[in-house]
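The values are calculated or read from the model by the stated rules, or taken from the named source; none is laboratory data. Owing to the predicted nature of the structure, the values given are computational and were not obtained by experimental measurement. Positions of Cβ are backbone-derived with ideal geometry, glycine not excepted, and every protein chain shown enters the neighbour counts.
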Amino acid sequence: MAARVLACASCHGDKGQGTNDDYFPRLAGKPAGYLYNQLVAFRDGRRKYPPMNYLLEFLPDPYLKAMADYFASEQPPFPPPATPVVSGAILTRGEMLATKGDPAHDIPACANCHGPSFTGMEPAIPGLLGLRTNYISAQLGAWRYGTRTAAAPDCMQVVAGHLTEDDVKALAAWLSSRPMPSNPAPVPRGSLPMPLPCGSEPN
Amino acid sequence: MFSPHFLKNVRSIAIGSFAAVALWVSPASAQSPATDKASIIARGEYLAQAGDCVACHTAPGGKLFAGGHAMPTPFGTLYTSNVTPDPDTGIGKWTADQFYTMMHTGRSPDGGLLYPAMPFASYTKVTRADSDAIFAFMQSVPAVKQQNRPHDLKFPYNNRSLIIGWRTLFFTEGEFKPDPTKSDDWNRGAYLVQGLGHCTMCHTTINALGGSSESAAFEGGLIPMQNWYAPSLTSNKEAGLGDWSIKDISDYLRTGVSNRGAVYGPMADVVYNSLQYMSDDDTRAMAVYLKGLAQGSSPDKPAPPLPSAESSLLLSLGKPIYDKQCASCHGVEGLGKPPHYPPLAGNQSIQMSSAVNAIRMVLNGGYPPGTAGNPMPYGMPPFAQALSDDEIAAVVTYIRTSWGNRGAAVSARQANELRAATLN
């Protein structure tokens, strides 16, 4: 399988560990269902990034599933967390949003769905650690502007729509500065009560 | 006079009629007419695959055959039509006669002229029986209520009467006429390639009027808006298949990979949506016809232009890049590991006078289509993010001029321009 996905390696690393480019995310260890959903969304144009849309355009579902399973099962080491370049106040805001949310603005905590240590939940909610500041902020922006969408109901579109630019900056800075927990595995399916319905994580 | 398939179908209709006669004696045959209809629909589905109807009449992520697929052209954007049997927004009220008239003459039931993005200049060759089968299939798919989106054409192309001029220049109406001096395979292949396959839509130069001239048929050309070069099918210097085996051509068409090369770019779309579904017999027939299109034996290749200071510099820069980035799959000597890692030495697609495809493959990489015959293809990594314009030019120059390859050097400027090519 590694040879078949060499086309992925130049941007995502041979084991899906990511590369030095800020915008090419780590794939390794994310829930297979999440990776599969992204591959299908890129192929069908629901998530827009032309180099990915182009590469996947003519690949059938079972192959995308095999690719997702491959990267989900890889466990390369994590990169060291980023050293934050923002103020302590911004980091505090990021930590609050991630762990407690902001009920006054209808923003649930990231931890509610992505797990108390942000390692994701099987089968399709991704972990949020091991990603770079710019990538996190670009994804939240993409949801706000509609270039990244997921199966309806698109919970992340709702959540991202409630975030301000400053919220995005704070979340990206805090999440990317977190070290990996000792157990990087996603929490089991259905183990977290989700605050809003998500098309890509059927209960 | 028709294809073996057509004759086979005539036979099955004859058998069906016989069964209907037998109904007088044995009520057990009562299902025959329904079975007949089912077999015509099944044949229509197969023919619709041969015509690749789905690729244009289904929008990405949209409902099957409901249209709305955007087709950018130099004249503006066309949106394909809903061809499901919905009576109000699709073709549910059409008759088989009207469908045949549309396929054969490019006129819709209200007499309006179709834009030639619909390949009626090819479909005119389709037989009445095949047109009827396709119509029967189209009427059997789920109806979708979806209004056609108006075309977005620039002045003066938004004036449909201009199509009259286009038709005068580029359209010859008429069903395929078999050549009695050729084999059944050749004739079946010609029927499919010239008709439903509508291969000339890309593999013939499109001129400034958006037409492809019959005298230049299959001579290749740059596909407008897509920035891929559709190689000549008649010149062995490009994709002429004169020295390919029938098996290699058949593998290429149906699985997307072969011992001589893999499909990429728009051809991957054709294999994925259409050619992978063709039968053994039809694939071989197309291969026989396509091989025969190549004129004579491989012509002598022209001597390359004398290496200038730039191209020799590119060559010396290119080899280390090749050895580091490419050789692990394509081999130090460019022999590849066919069919999954195509050979580069002697690969026509790399040496064509247009270097567009070779540069784009290095920039963008690509997967051949996942097909029944090759469900998990190996992919070429993109190098746009890893190599500079100079490095891209150097490695493509090296590949085009090494191991006996006789292509010309490419410049960093060419590489840079193609970074902006539309990907998808």
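Residue-by-condition table, conditions (1) part of a loop (DSSP other than H, G, I, E, B); (2) within 26 Å of the chain's Cα centre (by Cα); (3) among the aliphatic types (A, V, I, L, M):
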{"residue": "B:Ser312", "(1), (2), (3)": "no, no, no"}
{"residue": "B:Ser316", "(1), (2), (3)": "no, no, no"}
{"residue": "B:Ile321", "(1), (2), (3)": "no, no, yes"}
{"residue": "B:Leu335", "(1), (2), (3)": "yes, no, yes"}
{"residue": "B:Pro339", "(1), (2), (3)": "yes, yes, no"}
{"residue": "B:Met361", "(1), (2), (3)": "no, yes, yes"}
{"residue": "B:Tyr378", "(1), (2), (3)": "yes, yes, no"}
{"residue": "B:Ala386", "(1), (2), (3)": "yes, no, yes"}
{"residue": "B:Asn405", "(1), (2), (3)": "yes, no, no"}
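Please enumerate the residues belonging to region A:12-31 that are closer than 28 Å to A:Gly199 by Cα and either buried (at least 20 other Cβ atoms within 10 Å of the Cβ) or within 9 Å of chain B (Cβ to nearest Cβ) (or both).
A:His12, A:Gly16, A:Gln17, A:Gly18, A:Phe24, A:Pro25, A:Arg26, A:Leu27, A:Ala28, A:Gly29, A:Lys30, A:Pro31
Return the pairs, sorted by first residue and then second, in which the second residue is surrounded by fewer than 17 Cβ atoms within 10 Å (Cβ to Cβ), the first residue lies in region B:49-66 and is in a strand (DSSP E or B), the beta carbons are less than 6 Å apart, and the residues are 6+ apart or on different chains.
B:Thr58/B:Leu64
Determine whether region A:65-75 contains at least one residue that is farther than 30 Å from A:Ser177 by Cα, surrounded by fewer than 21 Cβ atoms within 10 Å (Cβ to Cβ) and modelled with pLDDT of 95 or more.
yes
This table checks each residue for (1) in contact with a Lys or Arg (Cβ under 7 Å, 6 or more places away or on another chain); (2) surrounded by 19 or more Cβ atoms within 10 Å (Cβ to Cβ).
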| position | (1), (2) |
| --- | --- |
| B:Thr127 | no, yes |
| B:Ile134 | no, yes |
| B:Met138 | no, yes |
| B:Pro142 | no, no |
| B:Arg160 | no, no |
| B:Asp179 | no, no |
| B:Lys182 | no, no |
| B:Asp185 | yes, yes |
| B:Ala190 | no, yes |
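Counting only residues that are under 14 Å from A:Asp154 (Cβ atoms), among the aliphatic types (A, V, I, L, M) and surrounded by 15 or more Cβ atoms within 10 Å (Cβ to Cβ), how many does region A:185-203 have? So that I can check it myself, show each step before the final result.
Step one: list which residues in region A:185-203 are under 14 Å from A:Asp154 (Cβ atoms), which gives A:194, A:196-202.
Subset that is among the aliphatic types (A, V, I, L, M): A:194, A:196.
Okay, now just the ones that are also surrounded by 15 or more Cβ atoms within 10 Å (Cβ to Cβ), so A:194.
Residues in region A:185-203 being under 14 Å from A:Asp154 (Cβ atoms), among the aliphatic types (A, V, I, L, M) and surrounded by 15 or more Cβ atoms within 10 Å (Cβ to Cβ): 1 in total.
When you scan region B:396-424, how many residues do you find that are within 14 Å of another protein chain (Cβ to nearest Cβ) and of a type outside the set (Ser, Thr, Tyr)?
The number of residues fulfilling the criteria is 6.
Being within 12 Å of the chain's Cα centre (by Cα) and crowded, with 21+ Cβ neighbours inside 10 Å, is that true of even one residue in region A:157-173? Before you say what the answer is, go through the steps one by one.
The first filter runs over region A:157-173 and keeps only residues within 12 Å of the chain's Cα centre (by Cα), leaving A:172.
From the residues that got through so far, the ones that are crowded, with 21+ Cβ neighbours inside 10 Å too are A:172.
Checked region A:157-173: at least one residue is within 12 Å of the chain's Cα centre (by Cα) and crowded, with 21+ Cβ neighbours inside 10 Å.
Which numbered condition in (1) over 13 Å from the mean Cα position of the chain (by Cα); (2) within 13 Å of chain B (Cβ to nearest Cβ); (3) not in a helix (DSSP H, G or I) is the only one that A:Pro84 fails?
(2)
Can you pull out every residue in region B:362-373 that is more than 7 Å from chain A (Cβ to nearest Cβ) and in contact with an Asp or Glu (Cβ under 9 Å, 6 or more places away or on another chain)?
Hit for region B:362-373 is B:Gly373, nothing else.
Among the candidates A:Gly94, A:Gly130, which residue alone is surrounded by 21 or more Cβ atoms within 10 Å (Cβ to Cβ), in the same structural domain as A:Val158 (by TED's automatic domain parsing) and not in a helix (DSSP H, G or I)?
Being surrounded by 21 or more Cβ atoms within 10 Å (Cβ to Cβ), in the same structural domain as A:Val158 (by TED's automatic domain parsing) and not in a helix (DSSP H, G or I) holds for just one of A:Gly94, A:Gly130, which is A:Gly130.
Take A:Phe42 and decide whether it is touching a Leu at 6+ places or on another chain (Cβ under 7 Å) and assigned by TED's automatic domain parsing to the domain that holds A:Ile136.
no
Within region B:56-85, take every residue that is within 14 Å of chain A (Cβ to nearest Cβ) and under 20 Å from B:Val271 (Cβ atoms) and give me the one that is modelled with the lowest pLDDT.
B:Pro60
Among the residues of region A:115-126, is there at least one that is within 30 Å of A:Val5 (Cα to Cα), in a helix (DSSP H, G or I), within 16 Å of the chain's Cα centre (by Cα) and at pLDDT 95 or above? Talk me through it step by step, then tell me what you get.
First, pick out the residues of region A:115-126 that are within 30 Å of A:Val5 (Cα to Cα): A:115, A:117-126.
Still in the list and also in a helix (DSSP H, G or I): none.
Within region A:115-126 (the criterion being within 30 Å of A:Val5 (Cα to Cα), in a helix (DSSP H, G or I), within 16 Å of the chain's Cα centre (by Cα) and at pLDDT 95 or above), the answer is no, since none of the residues qualifies.
Which count do you get for residues in region B:145-172 that are of a type in the set (S, T, N, Q), more than 24 Å from B:Ala59 (Cβ to Cβ) and not in a helix (DSSP H, G or I)?
Within region B:145-172, residues that are of a type in the set (S, T, N, Q), more than 24 Å from B:Ala59 (Cβ to Cβ) and not in a helix (DSSP H, G or I) number 3.
Does B:Glu391 qualify as being surrounded by fewer than 24 Cβ atoms within 10 Å (Cβ to Cβ), in a helix (DSSP H, G or I), more than 10 Å from every other protein chain (Cβ to nearest Cβ) and within 26 Å of the chain's Cα centre (by Cα)?
Values: surrounded by fewer than 24 Cβ atoms within 10 Å (Cβ to Cβ): yes; in a helix (DSSP H, G or I): yes; more than 10 Å from every other protein chain (Cβ to nearest Cβ): yes; within 26 Å of the chain's Cα centre (by Cα): no.
No; evaluated as a whole, the condition is false for this residue.
Can you tell me which residue is surrounded by the fewest Cβ atoms within 10 Å (Cβ to Cβ) among those in region B:46-91 that are under 30 Å from A:Asn37 (Cβ atoms) and of a type in the set (D, E, K, R)?
B:Lys63
So, of the residues in region A:152-203 that are assigned to a loop (DSSP other than H, G, I, E, B) and of a type in the set (A, V, I, L, M), which turns out to be nearest to A:Asp106 (Cα to Cα)?
If we take residues in region A:152-203 being assigned to a loop (DSSP other than H, G, I, E, B) and of a type in the set (A, V, I, L, M), then A:Leu163 is nearest to A:Asp106 (Cα to Cα).
Of B:Asp300, B:Asp282, which residue is over 14 Å from B:Ala262 (Cβ atoms), at pLDDT 95 or above and more than 14 Å from every other protein chain (Cβ to nearest Cβ)? Give the steps one after another, and end with the answer.
Details: B:Asp300 fails: at pLDDT 95 or above.
The unique qualifying residue is B:Asp282.
Check A:Ala3, A:Ala7 and return the single one that is surrounded by fewer than 17 Cβ atoms within 10 Å (Cβ to Cβ), within 12 Å of chain B (Cβ to nearest Cβ), at pLDDT 90 or above and closer than 17 Å to B:Gly370 by Cβ.
On the way: A:Ala7 fails: surrounded by fewer than 17 Cβ atoms within 10 Å (Cβ to Cβ).
Just one listed residue meets the conditions, A:Ala3.
Would you be able to tell me the number of residues in region A:81-100 that are of a type outside the set (Val, Ile, Thr) and either in contact (Cβ under 8 Å) with a residue 60 or more places away in the chain or touching a Cys at 6+ places or on another chain (Cβ under 6 Å) (or both)? Spell out the reasoning first.
To start, the set of residues in region A:81-100 that are of a type outside the set (Val, Ile, Thr) comprises A:81-82, A:84, A:87-89, A:91, A:93-98, A:100.
Adding the requirement that they be either in contact (Cβ under 8 Å) with a residue 60 or more places away in the chain or touching a Cys at 6+ places or on another chain (Cβ under 6 Å) (or both) leaves A:81-82, A:84, A:91, A:93-95, A:97-98.
Residues flagged as of a type outside the set (Val, Ile, Thr) and either in contact (Cβ under 8 Å) with a residue 60 or more places away in the chain or touching a Cys at 6+ places or on another chain (Cβ under 6 Å) (or both) within region A:81-100 amount to 9.
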